[in-house]
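J.: Just dropping this structure here.
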Amino acid sequence: MKNGRIRVVQVIPAFNVGGAEWMATYLAAHLDPERFESHLISLHPPKGSPLEQYLQRHGAKIHSAYKRRGFDGRTYLRLIRLLRQIRPDIVHTHQPVGRYVYPACLFARPKAVVHTVHNVALGEIRSRLWRRFQSWAYRFGVQPVSIAEEVSRTFRREYRREPVALIPNGIPTARYMPNDAARAVWRAREGIPQDAVLLVCVGALRAQKNHPLLLRAYARLGEQSANTLLLVVGAPDHANPTYADSLQRLAQELGIAERVRFLGGRGDVPAILNASDIFVLASHYEGNPLSVMEAMAAGLPPVCTAVGGVPELIQHERTGLLVPPENEAALADALKRLIKDASLRHQLGAAAREYACTHFDIKTMVQAYEQLYLQLLRQEREPHSSNDVPKTR
């Protein structure tokens, strides 16, 4: 501890605009500054992203290990130096950074190491080898945190242990307050008619998100989609760069290219959601997606495949619509319902915003992690007094 404050370091792969990265950014930015000194390390170099700007505005300290693409052995030395310089009490990892971070922790010796499991177990770490490594890390003290009941179920099945806590993700819901004037301005600037029904999908262009299903369902709408436009927001997947190109080709083949806009990775997602009417996500699998929470906080009715932790966020027919995964017809029918029925859109959207503000706000998530950090440090000081860490929910 420094000046009586607990030093906490979040570690992410890179400053990419994605759900796990934003969650780590929000957590680093919103920890109580009177009790915690907050740092965030990116393995890859800075890039001036919206995440870095958000951290700077909130006073969190930013660092980088300047990792190069592929395996970079020098990253171990840079991390060891960084961690020894910061001297963290808690190191908190996100996504598969453990192969670099956990060995560095053997030298830096933080009091506790936490890992948030951001996806269903087989989706978080695809390599069997690195899942075995992660399992080894859990056996030797890394504390896993789940973000959804379904994530916990898959974690237990894969790793044969319980997460130390279940803490659903949270967002600063005030960022997504609907604003009619800003909606009109954004649409005018983008050349989108004010009366168009705007569908939006926010998510990295990865196969997990199953954009082809979304495009095929949208194509099935036929004349129903004449006054609609589909926005696809998300950065291309560096591990599979041809995927983004294949989506453009599919839109051409389906004859919908003029009604689909691929916007790439964007830092103005709150403004895009504010200008939209329906949120849609057709994923194969999910954890506890921030994009769904953000859409609901913006007052959009979500239409999503019922996978992973998504059914834990959406109450079917009350705050949105759930459809079976891989069901093109069901997804098209749900979209058609909301495109035709403005009253239903507004009803579900209003209920979605109310639910998001009362269940997804950042304060709930941050307080749960603060409680977990404090409990882990108490256990580290008094290892024989209790073996129980609270199962936070």
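J.: Looking at the square roots a ≥ b ≥ c of the eigenvalues of the Cα gyration tensor of the stretch 173-359, which shape do they give, rounded for a/c under 1.5, prolate if a/b is larger than b/c, or oblate? Walk me through the intermediate numbers first.
T.: On the way: a/c = 1.28, a/b = 1.15, b/c = 1.11.
Cα axes put the stretch 173-359 in the rounded bin.
J.: Once you've got the GNM for the chain with C-alpha springs shorter than 10 Å, pick whichever of F140, F36, F262 has the biggest mean-square fluctuation.
T.: Comparing F140, F36, F262 in the GNM, the peak value goes to F140.
J.: When you count, for each residue, the other Cβ atoms within 10 Å and take the mean per peptide, how do 92-104, 155-167 rank with the highest first? Before the final figure, lay out the partial values.
T.: Numbers: 92-104: 21.5, 155-167: 17.8.
Taking the mean over residues of other Cβ atoms within 10 Å, the ranking is 92-104, 155-167.
J.: Suppose a student asked you for the relative contact order of the chain, using Cα pairs under 8 Å spaced at least 6 residues apart; what percent would you report?
T.: Details: 764 pairs, mean separation 61.6, N = 393.
Value for the chain: 16 percent.
J.: Name the shape class, rounded, prolate or oblate, that the alpha-carbon gyration tensor gives for the stretch 116-267, where a ≥ b ≥ c are the square roots of its eigenvalues, rounded holds for a/c under 1.5, and otherwise prolate holds if a/b is larger than b/c and oblate otherwise.
T.: Details: a/c = 2.88, a/b = 1.83, b/c = 1.57.
In terms of gyration-tensor shape, prolate.
J.: Report the Rg/Rh value for the stretch 18-67, based on alpha-carbon coordinates and the Kirkwood definition of Rh.
T.: Numbers: Rg = 10.5 Å, Rh = 11.0 Å.
So for the stretch 18-67, dividing Rg by the Kirkwood Rh gives 0.95.
J.: What are the principal axis extents of the Cα atoms in the chain, in Å, biggest first?
T.: The Cα atoms of the chain stretch 66, 40, 40 Å along their principal axes.
J.: Just want the answer: with Cβ charges of +1 for Lys and Arg and -1 for Asp and Glu, which residue in L213, L199, A184 is farthest toward the dipole's positive end in the stretch 173-359?
T.: Of the listed residues, the answer is A184.
J.: For the stretch 1-105, what relative contact order do you get, as a whole percent, if you take Cα pairs closer than 8 Å and at least 6 residues apart?
T.: Working: 182 pairs, mean separation 36.6, N = 105.
Reported as a whole number, the value is 35 percent.
J.: Comparing A182, A244, A282, which has the greatest mean-square fluctuation in the GNM of the chain with Cα pairs linked when under 10 Å apart?
T.: Most flexible of the set in this elastic network: A182.
J.: Any idea what the relative contact order of the stretch 173-359 is, in percent, if you count C-alpha pairs under 8 Å spaced at least 6 apart? Mind showing how you got there, number by number?
T.: Details: 347 pairs, mean separation 46.6, N = 187.
Reported relative contact order: 25 percent.
Read the figures in this text as sums done on the coordinates, not as results from a lab. In this text the structure is predicted, and so the values were computed from the model without any measurement. As a convention, Cβ positions derive from the backbone with ideal geometry for all residues, glycine included, and neighbour counts pool all protein chains shown.
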